[in-house]
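For reference, the structure is listed below as structure tokens.
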Amino acid sequence: MTPLLELRDVRAAYGKITVLHGVSISVSAGQVVALLGPNGAGKTTTLGVAAGTHPVQSGQLMLGGRDMTGANPRDLARAGVCLIPEGRGVFPNLSVRDNLLMMTFTGHSRAEIEAVAFERFPILAKRANQAAGSMSGGEQQMLALARGLATDPAVLLLDELSMGLAPLVVGRLYEQVAEIARQGVGVLVVEQFAAAVLGIADHAAVMVRGRVEREGAPDSELRAELSALYLGSST
């Protein structure tokens, strides 16, 4: 089966400093791929390449078997790529409803978008008229996910979903991510902390200094190797 998203031997740089050294990774429909590694490993840059927000120095970005290398973020978004960046990306001074209202550009009505968002995240219905910035971090992340899902993505790119959140909240969010994947969406998740995502991942890749050093099923062998691959914890 052709992957929904594929990076082939991608190199990328900031100025004259190369930060990705031939990264290859793929995501298929219904699959959750965890991209792990320490700060500075190149994980967020990899997502930026996949979303079209960071230029490719060499290599290819494939989407559904089609070469999209060099495509701008708008074209990739129209093709089904949705990036939810670190920091959640909601508008803090707007209410939950107004944050969702902005997604009507997708062609769905306000009522349709709210119905899907509130069914998936019932707490958002209770917070509908509350300023997004006054909600908890977990609730803001739920809103960010709801906004992203309003675009009917084929590929969902998540950057540090667990950042600043309590483990219990993170677990609930990743349960939702797993459910999204079961509906056929390909999900690429960047995480520094392996334990947050390995429970739902189908495949994992570990980046160190801009290279994928290890990848495979998130089994006990991979977990045992994590602490040796970078300064972190597999638990």
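The values are calculated or read from the model by the stated rules, or taken from the named source; none is laboratory data. Here the structure is a predicted model, which means the values were calculated and not measured. So basically every Cβ, Gly included, is an ideal-geometry build from the backbone, and we count neighbours across all protein chains shown.
For the stretch 54-104, give me each residue that is of a type in the set (S, T, N, Q) and out of contact with any strand residue (DSSP E or B) (no Cβ under 8 Å at 6 or more places or on another chain). The answer is N72, N99, T104.
Would you check if there is a residue in the stretch 22-29 being touching a residue at least 40 places away in the same chain (Cβ under 8 Å) and at positive phi? Yes. For S26, only one of the following conditions fails: (1) small (G, A, S); (2) surrounded by fewer than 20 Cβ atoms within 10 Å (Cβ to Cβ); (3) touching a Phe, Trp or Tyr at 6+ places or on another chain (Cβ under 9 Å). What is its number? Answer for S26: the failing condition is (3). A201 fulfils the conditions (1) surrounded by 23 or more Cβ atoms within 10 Å (Cβ to Cβ); (2) assigned to a loop (DSSP other than H, G, I, E, B); (3) at pLDDT below 95 except for a single criterion, (3). Just one of the listed residues (R147, R211) is outside the structural domain of M103 (by TED's automatic domain parsing), touching a residue at least 40 places away in the same chain (Cβ under 8 Å) and not β-branched (V, I, T), namely R211. Go through the residues of the stretch 178-195 one by one and say whether even a single one is modelled with pLDDT under 90, part of a strand (DSSP E or B) and surrounded by 14 or more Cβ atoms within 10 Å (Cβ to Cβ). So far as the stretch 178-195 goes, yes, one or more of its residues are modelled with pLDDT under 90, part of a strand (DSSP E or B) and surrounded by 14 or more Cβ atoms within 10 Å (Cβ to Cβ). Condition test on G70, is it touching a Pro at 6+ places or on another chain (Cβ under 8 Å), closer than 26 Å to Q176 by Cβ and without any contact (Cβ under 8 Å) to a residue 60 or more places away in the chain? In short, no. If we keep just the residues of the stretch 30-46 that are modelled with pLDDT of 95 or more and in contact with a helix residue (DSSP H, G or I) (Cβ under 9 Å, 6 or more places away or on another chain), which is farthest from E175 (Cα to Cα)? Top of the filtered list is L35. Residues in the stretch 130-164 that are on the phi > 0 side of the Ramachandran plot and among the charged types (D, E, K, R): D152, E160.
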